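A short write-up of the structure that comes next.
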Amino acid sequence: MNTYVALFRGINVGGNNVLPMKALIARLEEVGAIRIRTYIQSGNAVFQCAEKDASLIAKQLAAGIKKHHGFEPHVLLLGLEAITCAIAENPFPDAQDDPTNLHLGFLASVPKKPDLEKLDGLRKTSERFHLRNNVFYLHAPEGVGRSRLAAASEKLLGVPMTDRNWRTVCKIAELAMEPRNLR
């Protein structure tokens, strides 16, 4: 069995694209997922599945949600190793004590031509960012919601991204590594 982390983008945000967790679990079960755990209502799930093709699972999940709920979210599926590697490679370990202002943007692929110069130009002096493979790390001590850098990052990186704060990423990894999920 393969352990996966599913990050759903844009569900249950501001009353839009409402998807109750029971319905999300049902959609996961339809694609063969077992030992499903969800974390907060914004679209985080950990599960195991015999299917080895993560992109196939993601497409089936998105299609199932569209069929049953009328919208098609972007679904990013990560293997357990990808999430633990993203945590281990955090370039801002001193920011871990500020878990709501340290964000990891998980990218659908490695950007081919990211505009890092423009990103740097949008950066406040208090902000830091680092792109490593398909993870965009952002420490915005004044808050991500007020950050022009955060607002423009996906466009300037040139690939779809969904981000989670440090606390959420660590909790998802913890759920994925629980013994009941590793059997």
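Readers should treat all values here as calculations from the given coordinates under stated rules, not as data from a laboratory. Nothing here was measured: the structure is a model prediction, and the numbers come from that model. Counting neighbours? That spans all protein chains shown, and the Cβs are built from the backbone with ideal geometry, glycine included.
Worth a mention:
- Selected from 122, 73, 177, residue furthest toward positive end of dipole (the chain; charges at beta carbon): 73
- Estimated purely from DSSP H runs of n ≥ 4, each contributing -39500 (n - 2.57), the mean residue ellipticity at 222 nm for the chain is -11000 deg cm²/dmol once divided by its residues.
- Phi-based couplings in Hz for segment 32-42 (Karplus 6.51, -1.76, 1.60; Gly and Pro marked x): x, 6, 9, 6, 7, 10, 10, 9, 6, 7, 8
- Couplings 3J(HN,Hα) for segment 131-147, derived from phi with the Karplus relation 6.51 cos²θ - 1.76 cosθ + 1.60 (θ = phi - 60°), are 9, 10, 6, 10, 10, 9, 8, 9, 10, 10, x, 8, x, 5, x, 9, 9 Hz, where x marks Gly and Pro.
- For segment 1-54, the convex hull spanned by the alpha carbon atoms encloses 69 Å³ per residue.
- Average 1/r across all pairs of distinct alpha carbons in the chain, invert it, and you get the Kirkwood radius: 16.9 Å.
- Full extension of the chain between residue 92 and residue 59 yields a length gain of 8.6 nm, computed as 0.36 nm times the residue separation minus the alpha carbon distance.
- For segment 102-117, the Karplus equation 6.51 cos²θ - 1.76 cosθ + 1.60, evaluated at θ = phi - 60°, returns couplings of 9, 10, 10, x, 8, 9, 5, 7, 6, x, 7, 9, x, 8, 5, 5 Hz by residue, with Gly and Pro reported as x.
- Positive-end extreme of charge dipole, segment 87-166 - chosen from 156, 143, 102 (charges on Cβ): 156
- In a reduced charge model with +1 at each Lys and Arg Cβ and -1 at each Asp and Glu Cβ, the chain shows a dipole moment near 420 debye about its Cα centre.
- Amide H to amide H, with H built 1.01 Å from N, residue 19 comes under 5 Å of 12, counting only residues 5 or more places away or on other chains.
- In terms of overall dimensions, the C-alpha atoms belonging to segment 87-166 reach 32, 26, 17 Å along their principal axes, ordered largest to smallest.
- Segment 79-151 and segment 1-47: distance between their alpha carbon centers, rounded to Å: 23 Å
- Under 28 Å between alpha carbons - lysine pairs in the chain that sit 8 or more apart or on different chains: 23
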